[in-house]
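Here the structure comes first, spelled out in structure tokens, and everything after it is commentary.
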Amino acid sequence: MICSMKLRMTINNLKCIDNLTIELPVEKGLYAITGENGSGKSTIVTCASSAFFQMIMTDYFGRTESDAGIEFELNGLKCVYKKVFNKDHKLVWRRRSDKGFKIKGFYEGSLIFGNRFRNATVETLRKVGNKEIRSLTPADDFIRKNLGLILQGDENYYKNLSFYEDDHLKAPVFFYERSGKSISQFHMSTGENLLISILYSLHARVQDRDDISLPCIILLDEIELALHPASLRRLVGFLEKIASQYNYAIYFSTHSLEIIGSIRPENIFFVKHFVDNTYEIVNPCYPAYATKVLYDHDGFDKVFLVEDDLAKIIIKEILWKEKLMGNKLVHVLPCGGFSNVIDLAYDVVKFNLLTKKASVAMILDRDIEDKAKSYVRNKGENFNVSMNFLPVESLEKYLKTSLVVKVDHTLHSTLNDYLFHKRSLDEVIKEYVVSGKNKTDNAGKKLFDMLENELNICGHSRADVVKIVMEHIFEVESEKVKELTEFLKSQK
């Protein structure tokens, strides 16, 4: 597998989207595409499925403009859907792709175009509705056990799950026996139908994963509509294991707090649709910004909105050391960039998202202090939320400053000794400088990507770096830490 390989997709004049380009990683893991209702999430997912599925475009998109189209690029190879004139001088859809463009996947779509009810017709009901369970084929353990584990927490709950199939059916029809009675898929719940279709398609993909290095995208559109939150959490855990084992990039199009809250911010794509029909993709995106609500905020006395995980761990460390959490419930919530923090704080105040006894404050990276104050002023005089700043800039900028611009020997040695066991930190930084990335990497993100790739090889993670950097900051920036501590003490 090529690390960090991405499927670049450009959508033109389809449904509500005039023009949008998005880069979707095909590296194994869980991803979320989210946004407000009508933002285009489902259109993005449907278009992405056409990279591996030659759909009937008029069925999915209806009547479209003559310049409507989708273009993909993966590893330098292209695949294009566009409208062309046929021999009868009629505009029809055509798919053309470069030789070698290849990606696998499956799409569990909307209630209308998805797979969960693809056999649900009157004719099919009449044909298979009265089948005897003993005449059916036992379902594979992969489907049977995981259906029970995810929906009921019991792998044997559907121990007699079987299926019927013939050439006239679009997919097998499943049955299970309960208390001596045969229950067909047509009489199962929406959640059971949904999960059976996902597990059946996943099992089919697993069976043909002869080349595990070939990218495979799994697209799941609004699956939370049919599942209880507990089942949803178990499904996410199951899919996380499957993604790692079989090299799947699994995408959810979702509003679900359970799903979004379980996915890394760098794997969340928030679709912003503006009134002029332009788009912005916010990535990385923290769950708080994606959902515009505060998780489990009922009962909290104080909520601190911060930019990232480094800020969160610094604040929580101070709160713990100074015993500032003993008489109140405090929540520290990362939101992404400084504008995301301020926007969310503004919404909290304007729409009364917190309980009456709770209050909110913002703590931002130090390097954007002037920008942040200007941004707050633009919100108006009525926006009065306490604001303070960390002892340092963002994690990525701090690492670039301390490891490349002006080397902090103590931090360098600590990171190298504890985390870099295969290639030394010096080797990674030398590669970064020789490649010239340091000249254009003002935010330090390219450096951190290189560091994180090496850390993954060694079995470490971003969290390990954050902990070491936090401890180092407390030593070398003690005066600024003291200032922030006083601010936290002053918050009621």
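All of (1) part of a strand (DSSP E or B); (2) open to solvent by 30 Å² or more (accessible area, probe 1.4 Å) hold for F52 with one exception: (1). Residues that are open to solvent by less than 70 Å² (accessible area, probe 1.4 Å), within 30 Å of L319 (Cβ to Cβ) and out of contact with any Phe, Trp or Tyr (no Cβ under 7 Å at 6 or more places or on another chain) do not occur anywhere in the stretch 429-437. Here D464, D426 are screened, and the one residue that is open to solvent by 40 Å² or more (accessible area, probe 1.4 Å), free of Cβ contacts under 8 Å to residues at least 40 places away in the same chain and charged (D, E, K, R) is D426. Inspection of the stretch 452-469 finds no residue satisfying the criterion of being within 21 Å of A361 (Cβ to Cβ) and among the basic types (K, R). Among the residues of the stretch 162-204, none is identified as over 16 Å from L151 (Cα atoms), touching a Gly at 6+ places or on another chain (Cβ under 8 Å) and modelled with pLDDT of 80 or more. For the stretch 439-461, does any single residue satisfy the condition of being surrounded by 17 or more Cβ atoms within 10 Å (Cβ to Cβ), closer than 22 Å to E393 by Cα, more than 27 Å from the chain's Cα centre (by Cα) and touching a residue at least 12 places away in the same chain (Cβ under 8 Å)? So far as the stretch 439-461 goes, no, none of its residues is surrounded by 17 or more Cβ atoms within 10 Å (Cβ to Cβ), closer than 22 Å to E393 by Cα, more than 27 Å from the chain's Cα centre (by Cα) and touching a residue at least 12 places away in the same chain (Cβ under 8 Å). Give the stretch 474-492 a look and list any residue that's open to solvent by 30 Å² or more (accessible area, probe 1.4 Å) and part of a helix (DSSP H, G or I), or say none. Correct list: F474, E475, V476, S478, E479, K480, K482, E483, E486, K489, S490. Residues that are closer than 16 Å to L220 by Cβ, buried (at least 24 other Cβ atoms within 10 Å of the Cβ), touching a Ser or Thr at 6+ places or on another chain (Cβ under 7 Å) and of a type in the set (D, E, K, R) do occur in the stretch 37-44, at least one of them.
E471 meets all of the listed conditions (1) in contact (Cβ under 8 Å) with a residue 24 or more places away in the chain; (2) closer than 28 Å to W320 by Cα; (3) open to solvent by 60 Å² or more (accessible area, probe 1.4 Å) but one, namely (1). Residue selection: Y176 fails the criterion of being open to solvent by 10 Å² or more (accessible area, probe 1.4 Å) and under 24 Å from the mean Cα position of the chain (by Cα). With respect to K482, determine if the residue is at pLDDT 90 or above and either among the polar types (S, T, N, Q) or more than 14 Å from F420 (Cα to Cα) (or both). It is true that K482 is at pLDDT 90 or above and either among the polar types (S, T, N, Q) or more than 14 Å from F420 (Cα to Cα) (or both).
For the stretch 399-423, filtering for residues that are loosely packed, with under 15 Cβ neighbours inside 10 Å, under 31 Å from the mean Cα position of the chain (by Cα) and not in a loop (DSSP other than H, G, I, E, B) leaves 1. Within the stretch 14-43, residues that are among the basic types (K, R) sit with their Cβ atoms under 7 Å from residues that are in a loop (DSSP other than H, G, I, E, B), at 6+ positions apart or across chains, in these pairs: K28/N247; K28/Y248.
For the stretch 73-92, taking the residues that are closer than 16 Å to T10 by Cα and without any contact (Cβ under 8 Å) to a residue 60 or more places away in the chain, the one that is most open to solvent (accessible area, probe 1.4 Å) is identified as K82.
Let's see how each residue does on (1) acidic (D, E); (2) touching a Leu at 6+ places or on another chain (Cβ under 7 Å):
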| position | (1), (2) |
| --- | --- |
| D417 | yes, no |
| K422 | no, no |
| S435 | no, no |
| N442 | no, no |
| E452 | yes, no |
| H460 | no, yes |
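Scan the stretch 86-100 for residues that are in contact with a helix residue (DSSP H, G or I) (Cβ under 8 Å, 6 or more places away or on another chain) and in a loop (DSSP other than H, G, I, E, B) and the total you get is 0. Selection within the stretch 321-353: residues that are aliphatic (A, V, I, L, M) and part of a strand (DSSP E or B). The member of this set that is farthest from K371 (Cα to Cα) is V330.
Kindly indicate which of S39, S66 is more than 29 Å from E452 (Cβ to Cβ), in a loop (DSSP other than H, G, I, E, B), among the polar types (S, T, N, Q) and more than 19 Å from the chain's Cα centre (by Cα). None of the others qualify; the one that does is S66. Filtered by the rule that a residue be open to solvent by 30 Å² or more (accessible area, probe 1.4 Å) and within 29 Å of N453 (Cα to Cα), the stretch 224-264 gives R233, R234, E240, K241, S244, Q245, Y246, L257, E258, G261, S262, R264.
Within the stretch 133-158, if we keep just the residues that are farther than 20 Å from A226 by Cα and part of a helix (DSSP H, G or I), the residue that is modelled with the lowest pLDDT turns out to be I133. Candidates are the residues of the stretch 14-31 that are of a type in the set (V, I, T) and in a strand (DSSP E or B); the one that is surrounded by the fewest Cβ atoms within 10 Å (Cβ to Cβ) is T21. V271 passes every criterion in (1) touching a residue at least 12 places away in the same chain (Cβ under 8 Å); (2) within 22 Å of G105 (Cα to Cα) apart from (2).
Of everything in the stretch 313-371 that is farther than 20 Å from M470 by Cβ and β-branched (V, I, T), the residue that is surrounded by the fewest Cβ atoms within 10 Å (Cβ to Cβ) is T355.
The values are calculated or read from the model by the stated rules, or taken from the named source; none is laboratory data. Not measured: the values here are computed from a predicted model. Note that each Cβ is placed from the backbone with ideal geometry, even for glycine, and that neighbours are counted across all protein chains shown. Keep in mind that these areas ignore ligands, DNA and RNA; they rest on the heavy atoms of the full protein, side chains included. Shrake-Rupley method; radii C 1.70, N 1.55, O 1.52, S 1.80 Å.
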